[in-house]
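Everything on this sheet refers to the single structure shown next.
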Amino acid sequence: MKLTAFVLAAVLSVHGALDAKVKAKGKKYYGNILDTNTINTAQVTNILNTEFGAVTPEYSMKWEATEPNKGQFTFANADAVANWASSRGKLLRGHTLVWHSRLPDWVSNINDKNTLTQVIKNHINTVVRRYKGKVYAWDVVNEVLEDNGNFRSSVFYRVLGEDFVDLAFRTARAADPKAKLYINDYNLDYNGPKLNATIALINRLKARGTPIDGVGTQAHLIVGNLGPFDETLKKLASTGLDVAITELDIRIAKPVDSAKLAQQQKDYAMVTTSCLTTPRCVGITIWGVSDRNSWVDGTFPDYDSPLLWDDDFRKKSAYTGVDNALN
């Protein structure tokens, strides 16, 4: 029996799933994304099956996708991802309930406080209850702060002020008491006003008794420019909340060359190690399997190659960086 376990461990150390290795280090998951653009791509789903233990829908749980018209909900695409995950024993992260982007015009045009309050409640109740017991954690509010630390001038903040954050969390908790509830944002990987304002907001929410379990740092990073990542991750953990790296990719300024890929390997290893050495860090989600499907191509045309597999689904040295950190 001991020999079998030893052999299994040896096999895992050479070929093993990233998820199995991160769990062996006491973490909850190593995850990735899936949606209608990739769910029928065998190379993607095979890699998700063998390497990753959690799935986040890239688009199909966002407001624009789930409630394009007031009170008219559509869940076919979100259901497809949720069913794929549950049928394969993967954790499901829900993303995202309240976000200024991917928001239908009918929501953006609301000016009345009572109307917006009821719209938020109805949206969260409908979406969260549908996946009650299936979603491990929800990104309840996403990107609520600007980089200068001020609240983003979204319809939610303009009409309701900071109260919209409490409203969203309290509604989500009532809709599914067992789901972990997260605040999620980008550029929390650098010291500065946004990081400080996020921590201050979390502390205010906790002081008001608002139910919040975790903070997600998206970690859309640039090769060779990670800043004090380990330090800021531990600052987020100092809030006492769970911390998750929720949308990790590390993009490379064009042209991509061997030196930049080597640096990317080191950067992925460093991010992974930072989670491993931060007790409250529960897991990491990579924002895409193959470089061919990354949002980076359309959003940052001067950058490329942000993920662990290349355009042809070949493992890159970045994968080796993660694997080495986990070993």
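The values are calculated or read from the model by the stated rules, or taken from the named source; none is laboratory data. The structure displayed is predicted, hence computed values, not measured ones. All Cβ positions, glycine included, derive from the backbone under ideal geometry; neighbour counts span all protein chains shown. Just the protein is used for accessible areas: all its heavy atoms, side chains included, with ligands, DNA and RNA removed. Shrake-Rupley method; radii C 1.70, N 1.55, O 1.52, S 1.80 Å.
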At 1.4 Å probe radius, can you tell me the per residue accessible area of the stretch 28-107 in Å²? 37
Average Cα contact separation per residue, the chain, under 8 Å, 6 or more apart, as relative contact order %: 16
Can you tell me the length gained on complete extension of the stretch residue 79 to residue 42, counting 0.36 nm per residue apart and subtracting the Cα distance? 11.4 nm
For an R0 of 35 angstrom, estimate the FRET efficiency from the Cβ-Cβ distance between residue 118 and residue 259 and round to the nearest 0.05. 0.05
Quick one: grab the alpha carbon gyration tensor of the stretch 87-214, order the square roots of its eigenvalues as a ≥ b ≥ c, and give me rounded if a/c is under 1.5, else prolate or oblate depending on whether a/b is larger than b/c. oblate
Using a probe radius of 1.4 Å on heavy atoms only, what accessible surface per residue do you get for the stretch 169-268? Whole Å² is fine. 36
Determine the shape class of the stretch 98-154: with a ≥ b ≥ c the square roots of the Cα gyration tensor eigenvalues, call it rounded for a/c under 1.5, and otherwise prolate if a/b is greater than b/c, oblate otherwise. oblate
Over 18 Å (Cα to Cα) - which of 90/206; 62/132; 28/178; 21/90; 28/134 fall in this group: 90/206
Let me make sure I get this right: for the stretch 165-231, a, b and c are the square roots of the gyration tensor eigenvalues over alpha carbons, sorted descending. Under 1.5 in a/c it's rounded, otherwise prolate if a/b > b/c, else oblate. Which is it? prolate
Extension length gain for residue 105 and residue 72 (0.36 nm per residue less Cα distance), in nm, is 10.5 nm
So for each of 218-226, 298-306, 281-289 I average, over its residues, the number of other beta carbons within 10 Å; can you give me the resulting order with the highest mean first? 281-289, 218-226, 298-306
Could you compute the FRET efficiency for residue 320 and residue 200, with r as their C-beta to C-beta distance and R0 at 41 Å, rounded to 0.05? 0.60
Students often get this wrong, so try it: which of [x] 27, 23, 20; [y] 32, 22, 20; [z] 32, 25, 17 is semi-axes √(5λ) of the Cα gyration tensor in Å as calculated from the structure shown? [y]
Carbon and sulfur: what percent of the stretch 242-313's accessible surface (1.4 Å probe)? 52
